Amino acid sequence: MGRILDSIDSPADVKKLGAAELATLAGELRDEIIRVVSRNGGHLAPSLGVVELTLALHYVFDSPDDKLIWDVGHQSYAHKLITGRRDAFETLRQYGGIAGFPRREESAHDAFNVGHASTSISAALGMACARDFLDGGNYVIAIIGDGSLTAGLAFEALNQAGHLKRNLMVIVNDNRMSIARNVGALSQYLTRLRSAPTYQRLESEVWEIMGKIPAVGARARELASRALEGIRGLLVPGVLFEELGFKYFGPLDGHNTELLIEAFERLKHTDGPLLVHVITQKGRGYQPAEDDASRFHGIGSFEKETGTLTGKPTTVSYTEVFGRTLTALAENDERVVAITAAMPAGTGLSDFAGRFPERFFDVGIAEQHAVTFAAGLASTGMKPVVAIYSSFLQRAYDQIIHDVCLQRLPVRFMIDRGGIVGDDGPTHHGVFDLTFLRAVPDLVIMSPKDENELAAMVRTALEYDDGPIAVRYPRGAGLGVKMDYEPQLLPIGRGEILRTGGDLSFIAIGSMVDVAVRAAEELAGEGIDASVINARFVKPLDRELIVEEALRTGRVVTLEENVASGGFGAAVLELLQSEGGSRVTVRVMALPDEFVTHGSRAQLMRDCGLALEDVVASARALVTTQEAGRRGA
């Protein structure tokens, strides 16, 4: 007998199943998710936790007419499997395959593109308003995790939705954690709600009884509602969501498919904004993920039987170097404080948190708050270090400008995942930071050529008190270079010459410095002698070094893992124009003006023209074309 999953080509097929078959299908979905993610990597624990919830939603509602908006999208794998992508699931997060997050371009069942947290309620409210404008009758459902609910954007949307009173369902998938354990008052509030389910049972029973009595009119129901309001205050420890204008239902067992189906069928006929509180277990059905949901939130390939990672890098990662260096330096400076936005392990701060718990702050999924919180700390003489992924730092741009840089406050930004990050795709590539940060006055921006230089930049940032400073570094393993016993202190705005040549100059920043060195070595074998400058600083540039080198060789190739628009190469061009370098030929090699898809980093760098062979070919063409032109002249 074959799998039930093999007969599921659309949500319509799910609706044909009985309770026993749905339970079997849930197990098959988990097996398929574990099998593919163990090979491809991906967001395992979140997707395992919502299998029954996904089945119940597709059983009751009619996607794509009814809109299911998944917040972040970490939990969308079961949704993908039952919405026509079963056969393509093998290609999950692979180059040319299906994405790891919902994408409208991929399926009509993906109502909204996601990848960053806390957007679902705002998007869902927009869809609900559009439906009402167009006299539509479809349902709109946002599924948001309890961790994502901590962000300001989610509360802004709840506030507006409660005011507008549109028909809208918000499902809070409460698994007690986002990526790491949830923190803050909201998490504590949800914990109290989990432990006080009595009111919801009473409410359901009262409304059901009242609905079965034909003679009961609106006045009686209003009186019952007032009575419930008084009882509720005695039975539950807060009424936050209902005060925001939502009718609250729950908590419900998120792994009881029959219960969820029954609840959603009832709630379909309830007007106004609804908030349904569903309790799930992250990593459900796979013991290693249940035991360590944080590690299995987003994971690389692993052995299915044991959960052991495969292909783990042999060299230390940039993230680890940052975390170790910061922890070591903080031993001698009690003013150093570390801040993360729900990513203590991902940003390398777990050891710091264990060593200095009183100086570590996880603010939850709240990047804007993290930055302004750091500004407040810096204003009193503390040394706040804000560690955030590049693509997530975009969310706090106003706070960087207004609350930090305008006041020249010495906040230290440690920007992880700068550049192409691979399989997570366009929502996670950190390819805009050099551009949007370079535009801000009084902000120093550094990027290391290797992990040893990263350690030096961490020390340099901690000792820089003249204003804000940012260090941007890539994802993954370092180059395996020897680490200094004690990190160096770098002079602000000074680069270094790694190689001297007379035919052209590579001026590179960050991860592209190593590519420039290897390109110069290949070109030397062809008789082309290239200089290599490690710029170190995007702002301020080493004006003297760059101008002197550019005028000396007359040919410059700039290299960066950032978009070309307004990035490092643009800064070099602006500098040379202002310093009389109009006779210098400059070729900017950077990422294209487009959103880069998902795939391996190596493949994406080739697609973007930044692989080693591309750099060699571009430099070769620059030299040979000019030499041929001179001979022709």
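Every read-out reported here was derived from the displayed coordinates using simple, explicitly stated rules and does not represent laboratory data. Note that the structure is predicted; figures quoted are calculated from it, not measured. All Cβ positions, even for glycine, are placed from backbone atoms using ideal geometry, and neighbour counts span all protein chains on display.
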Q) Roughly how tilted is helix 152-164, in degrees to the nearest 10 and between 0 and 90, from the longest Cα axis of the chain? A) 40 degrees
(Q) Tell me the angle of helix 185-194 to the major Cα principal axis of the chain, expressed in degrees between 0 and 90 and rounded to the nearest ten. (A) 30 degrees
Q. Which whole-number percent is the relative contact order of the chain (Cα, under 8 Å, 6+ apart)?
A. 11 percent
Q. Could the peptides 326-336, 292-302, 415-425 be put in order, highest first, of the mean number of other beta-carbon atoms found within 10 Å of their residues?
A. 415-425, 292-302, 326-336
Q) Highest mean first, what order results for 397-409, 375-387, 337-349 on Cβ atoms within 10 Å? A) 337-349, 375-387, 397-409
Q: Can you figure out the FRET efficiency of R408 with S565, using R₀ = 22 Å and their beta-carbon distance, to the nearest 0.05?
A: 0.25
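Only bridges with both residues in the chain count here: give the DSSP antiparallel percent, nearest 5.
In the chain, DSSP labels about 15 percent of beta bridges as antiparallel.
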Q: Return the percentage of antiparallel bridges among DSSP beta bridges fully within the range 497-627, rounded to the nearest 5 %.
A: 10 percent
(Q) I'd like the FRET efficiency for D593 and A439, computed as 1/(1 + (r/R0)^6) with the beta carbon distance as r and R0 of 25 Å, rounded to 0.05. (A) 0.90
Q.
Report, in listed order, any pair from K16/K304; K67/K268; K165/K282; K282/K312 with a Cα-Cα distance greater than 20 Å.
A. K16/K304; K165/K282; K282/K312
Q. What residues of the range 499-535 lie in the reach of a label at E548, counting those whose backbone N is under 18 Å from a point 7 Å from the Cα along Cα→Cβ?
A. 499-508, 531-535
Q: Run a plain Debye calculation on the range 536-609 (Cα atoms as equal point scatterers, no solvent) and give log10 I(q)/I(0) at q = 0.16 Å⁻¹, rounded to two decimals, same order as the q list.
A: -0.61
Q. How many angstrom separate the Cα center of the range 24-58 from the Cα center of the range 340-406?
A. 33 Å
Q: Only loop residues by DSSP count here, and only those with at most 12 other Cβ atoms within 10 Å; note down the chymotrypsin sites (Phe, Trp or Tyr not before Pro) in the range 432-536 that meet that.
A: Y485
Q.
Counting pairwise Cα distances across the range 392-466, what percent come out greater than 20 angstrom?
A. 37 percent
Q: Give me the angle, in degrees from 0 to 90, between the Cα long axis of helix 543-553 and the longest principal axis of the Cα atoms of the chain, rounded to the nearest 10.
A: 60 degrees
Q.
So if I average 1/r over every pair of distinct C-alpha atoms in the range 318-472 and take the inverse, what Kirkwood radius in Å does that give?
A. 15.1 Å
Q | Whole-Hz couplings from phi, Karplus 6.51/-1.76/1.60, listed for the range 600-614; x for Gly and Pro | A | 5, 4, 4, 5, 5, 5, 5, 4, 8, x, 10, 6, 3, 5, 5
Q. At what distance in nm do the modelled label points of D31 and D132 sit from each other, each positioned 7 Å from its Cα along Cα→Cβ?
A. 4.6 nm
Q) How high is the relative contact order of the range 497-627, in percent, with contacts defined as C-alpha pairs under 8 Å that are six or more residues apart? A) 27 percent
Q.
Students often get this wrong: which residues of the range 463-480 have the backbone nitrogen under 15 Å from the point 7 angstrom along Cα-to-C-beta of A611?
A. none
Q | the chain - convex hull of alpha carbons, volume per residue in Å³ | A | 184 Å³
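Are there GluC sites (Glu not before Pro) in the range 464-571 that DSSP puts in a loop and that have at most 16 other Cβ atoms within 10 Å, and which ones? Could you put the intermediate results ahead of the total?
Values: sites: E496, E521, E522, E526, E544, E548, E549, E560, E561; in loops: E526.
Filter output for the range 464-571: E526.
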Q | trypsin sites (Lys or Arg not before Pro) restricted to the range 492-592 and DSSP loop, no more than 15 other C-beta within 10 Å | A | R494, R583
